[in-house]
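Okay, structure first, notes after.
The values are calculated or read from the model by the stated rules, or taken from the named source; none is laboratory data. The model shown is predicted, which means the values in this text are computed figures rather than measured ones. Every residue, glycine among them, receives a Cβ derived from its backbone with ideal geometry; neighbour counts consider all protein chains shown. Just so you know, the surface numbers come from the protein's heavy atoms only, side chains and all, with ligands and any DNA or RNA stripped out. Shrake-Rupley method; radii C 1.70, N 1.55, O 1.52, S 1.80 Å.
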Amino acid sequence: MCGIIGYLGNQDTKNILLNGLKKLEYRGYDSIGIATITASQELSITKTSGKFPTLKKAIVDHPTNNLYGIGHTRWATHGKPSKTNSHPHSDCTQKIAVVHNGIIENYQELREKLTISGHNIVSETDSECIPHIIEDYIAKGHSISQATQLTASRLEGSNAVVVSHITEDPVKLIAFKSGNAGGVVIGYSKNATFVASDITPLIEHTSQFTYLNSGEIAYISENNVEFKSLKTSDVLQKEKVILQVNNKSTQKGTYKHYMLKEIHEQPQSIVNTMKDRLFTAPAKIDLSDCNLDISRLKNIERIILIGMGSSLHAAMVGKIWIEQFTGIPVDIDNASEFRYRNPVINENTLVISVCQSGETADTLGAMEIAKAKKAYQITLTNYLETQSTRLANSYIHLRTGTEIGVASTKTFLSSMAALFILGLFLGNERKTIPNINLNQTILSLNQIPEKLNQLLSQESLYTPLAKTLSKYRNFLILGRGLNYPIGMEGALKLKELSYIHAEGYPAGELKHGPISLIDQNIPIIAIAPQDSLYPKMMTTISEIAARNGNIIVLTTEGNTEIKNFAEHIIYLPEIDELLSPFLTAVPLQLLSYYVGISKGYNVDQPRHLAKSVTVE
Ligand code: F6R
């Protein structure tokens, strides 16, 4: 959700904040703003609804002689995008500026009290309460540090907040975090300290970071950062972690969009996820980098996979693999449902969460439930040192590099790869892998990047097809087995990028209702590689053709019979049946991308979406 940046140092604060916000735009992009404190002790706020270019224009008159400041990209929760609702928010004295990510659950009550006591609340946001409460505590004689800590204790819900203010006090920026609000990370460089919602805007400045946990507050002054517990005020000794992150993965290079770049990075992402984990002759799966507790894993009686959105779809594919490799019953659950239904779990349950960002509020909420019930937890993540890696017993790092496009692509494929590897590992440890040659399976896995490259080399085919398809308002995407979740993922991509209504269905379900939708106005994409379920898919395709349906088929190279049924055919390289989702997902990504482009939409930042969903 919202992106946050703060800076205290001897470089040009305005520029540092602006560059940071450009990097953070993928988190939220309906409004944007900065607040700085000038050398002459003035608080200047420039903010606007709209995206980065609008702020860049608006900021021309913003002072340049700044000492420190904060910035924010917003994803609206309370109050629609407008200049007034944009962050930073200030108090009645115009001395305090605040940026916020999260939801203050008791804000109505706080707002009412503040209004009655004479505060002028100008926005519709929950966030604006924060500077006004701080103002009240300062009026009672508290320092800014005490006032902020007291204010934090009044806020219910999950909140990440950075405060800046005009002051003689050495503490210039204060950051705190409560609940499962998105990340708060402090970055250190020579003569400067940064604070941000994630490391993306900081990696060009530093590789040294400290992450705030829930219930912690950081007081940032020129030569020092002091950490305390919000509850007890005890001083905390927190370590600095060194993270070497490739700066290139946050740049677009020669690609028109991050999403296209990330689609093309998928062969390499798969290599990265598998690297040093899979070996052949003799076959070996090495997950020693994941700190798995083998003795606990041997006692697992049940597995539950959780996630949201694309990560849930990856989990749905993973369920089939893991069940097949381990013989253990595997359930799948949407994290936002799991967390509120008192699931039956015990210490012999393995909960696997798929959460590339490590920040998704619902997945974290579900993980907390699993932790309280003593389940063993493995999380799949693209970012170390996040809340999800702290909650889980073990983690599998996806290693795809930063994904900036809001719609998941390379993290989706890498999540599936990690689940496949984990399933093989568990099956191998428990000696339950049925009838498959492990060595051969690993060799086939190693072929995925090359096959993906073959698919991607046919990218030019998608532009004309997307143009034809962009005029339709509804789509159905049908698949079976491993390709049913891929149909759902394809439908999600179409919705996100082209704002077209699309549904992913198990092909067998067609006759139970959706068949009545068939006419020439609803293209039906059938995912039908020539595998063991192909005859079943062919039956469905014939039934659609018999009703004069508009059919697009994804099938294996060399399939000639399909020409009699389909209006458009997308051919896939041949691959081991178990691995087909790695290939079938990609044409649906490309198709959605090009339909979005042909409709003139911003595919990197689809409307209303945000990359990390840090609120419920
Ligand atoms: C869709 C998409 C989202 C995410 C979902 C979970 O393209 O990106 O559906 O997959 O918000 O995100 P993580 O994996 O960070 O928990």
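When each of the peptides 434-447, 326-339 is scored by how many other beta carbons lie within 10 Å of its residues on average, the order from highest to lowest is 326-339, 434-447. Taken over region 250-446, the ratio of Cα radius of gyration to 2.2 N^0.38 Å equals 0.99. The separation of region 308-341 from region 203-234, counted between C-alpha centres, amounts to 36 Å.
Among beta bridges from DSSP that stay inside the chain, the antiparallel ones total about 65%.
Surface composition of region 502-551: carbon and sulfur atoms hold 50% of the protein heavy-atom accessible area at a 1.4 Å probe. The angle separating the long axis of helix 361-372 from the principal Cα axis of greatest extent in the chain is about 90 degrees. Converting phi to 3J(HN,Hα) with the Karplus coefficients 6.51, -1.76 and 1.60 and the offset θ = phi - 60°, region 377-386 yields 10, 10, 10, 9, 9, 9, 10, 7, 6, 10 Hz in sequence order, with x at every glycine or proline.
How charged is the neighbourhood of Glu496? Take every other residue with its Cβ under 13 Å from the Cβ of Glu496, and add Lys/Arg as +1 and Asp/Glu as -1. The partial results should precede the final answer.
Details: positive: Lys493, Lys495, Lys599, Arg607, Lys611; negative: Glu489, Asp604.
With Lys, Arg at +1 and Asp, Glu at -1, the neighbours total +3.
The Cα-based radius of gyration of region 192-336, divided by its Kirkwood radius, gives an Rg/Rh of 1.04. Give me the angle, in degrees from 0 to 90, between the Cα long axis of helix 438-456 and the longest principal axis of the Cα atoms of the chain, rounded to the nearest 10. Orientation of helix 438-456: about 80 degrees from the principal axis. Charged side chains reduced to their Cβ positions (Lys and Arg at +1, Asp and Glu at -1) give region 3-245 a dipole of some 540 debye around its Cα centre. Computed over protein heavy atoms with a 1.4 Å probe, the carbon and sulfur contribution to the accessible area of region 250-446 reaches 49%.
Could you give the dipole magnitude of region 459-598 about its Cα centre, charging the beta-carbon of Lys and Arg +1 and that of Asp and Glu -1, in debye to the nearest 20? Working shown, then result.
Details: 10 positive and 14 negative charges, 105 e Å.
So the magnitude is around 500 debye.
Label-to-label distance for Gln94 and Leu456 is 5.2 nm, based on points extended 7 Å past Cα in the beta-carbon direction.
Rounded, prolate or oblate: which one fits region 3-245, using the alpha carbon gyration tensor with axes a ≥ b ≥ c (rounded when a/c is under 1.5, else prolate when a/b beats b/c, else oblate)? Verdict is rounded for region 3-245. When the charge dipole of region 3-245 is built from unit charges on Cβ atoms (+1 for Lys and Arg, -1 for Asp and Glu) and taken about the Cα centre, the candidate among Thr93, Ile4, Leu24 whose Cα reaches farthest toward its positive end is Leu24. In order along region 225-235, the phi-based Karplus estimate (6.51 cos²θ - 1.76 cosθ + 1.60, θ = phi - 60°) of 3J(HN,Hα) comes to 10, 10, 10, 9, 7, 5, 7, 9, 6, 5, 6 Hz; Gly and Pro are listed as x. Largest first, the residues Trp75, Trp321 sort by 1.4 Å accessible area into Trp75, Trp321. Our coupling estimate for region 332-341, obtained by passing each phi through the Karplus curve with A = 6.51, B = -1.76, C = 1.60 and θ = phi - 60°, is 10, 8, 5, 4, 6, 8, 3, 5, 10, 10 Hz, Gly and Pro reported as x. Distance from the Cα centre of region 525-591 to that of region 437-464, in angstrom? First find each Cα centre; the distance between them is then 16 Å. With a Förster radius of 35 Å applied to the beta-carbon distance between Asn602 and Asp234, the computed FRET efficiency rounds to 0.15.
Can you put Leu43, Leu583 in order of accessible area, largest first, using a 1.4 Å probe? Can you show the working numbers first?
Numbers: Leu43 30, Leu583 0 Å².
Sorted descending by solvent-accessible area, the residues read Leu43, Leu583.
Accessible area of region 10-57 with a 1.4 Å probe: how many percent of it is carbon plus sulfur? Before the final figure, lay out each step's value.
Numbers: 850 of 1790 Å².
Carbon and sulfur atoms account for 48 percent of the accessible area of region 10-57.
Note that the chain presents 38 Å² accessible area per residue, ligands and nucleic acids not counted, probe 1.4 Å. The accessible area of Arg111, taken with all protein chains in place and a 1.4 Å probe, comes to roughly 60 Å². Computed over every Cα-Cα pair of region 292-373 and binned at 5 Å starting from 0, the pair-distance distribution P(r) comes out as 3, 16, 27, 25, 20, 8, 0 percent.
Toward the positive end of the charge dipole of region 345-446, with +1 on the Cβ of Lys and Arg and -1 on the Cβ of Asp and Glu, the farthest Cα among Ile433, Thr400, Cys355 is that of Ile433. Any idea what angle helix 534-546 forms with the longest principal axis of the chain, computed on alpha-carbon atoms, 0 to 90 degrees, nearest 10? Here the helix axis deviates by roughly 90 degrees. Solvent exposure of Arg302, expressed as accessible area, is near 70 Å², computed with a probe of 1.4 Å over the protein chains only.
Grab the alpha carbons of the chain, take their convex hull, and tell me the volume per residue in Å³.
On the way: hull volume 97.1 nm³, N = 616.
Value for the chain: 158 Å³ per residue.
Ranking Val344, Val553 by solvent-accessible area of protein heavy atoms (1.4 Å probe, all protein chains present), from largest to smallest, gives Val344, Val553.
Extension gain for the segment Glu385 to Glu347, taken as residue separation times 0.36 nm less the Cα-Cα distance, is 11.2 nm to one decimal.
Percent of Cα-Cα pairs more than 28 Å apart in region 459-598, please.
Working: 705 of 9730 pairs.
Pairs farther apart than 28 Å: 7 percent.
Cβ-Cβ distance of Ser532 and Glu557, R₀ of 22 Å, FRET efficiency by 1/(1 + (r/R0)^6): the value works out to about 0.80. Pop the C-beta distance of Lys140 and Asn10 into the FRET formula with R0 = 35 Å and round what comes out to the nearest 0.05. Plugging the Cβ-Cβ distance into 1/(1 + (r/R0)^6) gives 0.55.
Which entries of Lys190/Lys493; Lys47/Lys611; Lys14/Lys238 have Cα-Cα distances beyond 31 Å here? Those over the limit are Lys190/Lys493. Counting only protein heavy atoms and using a 1.4 Å probe, the accessible area of Ser532 comes to about 80 Å².
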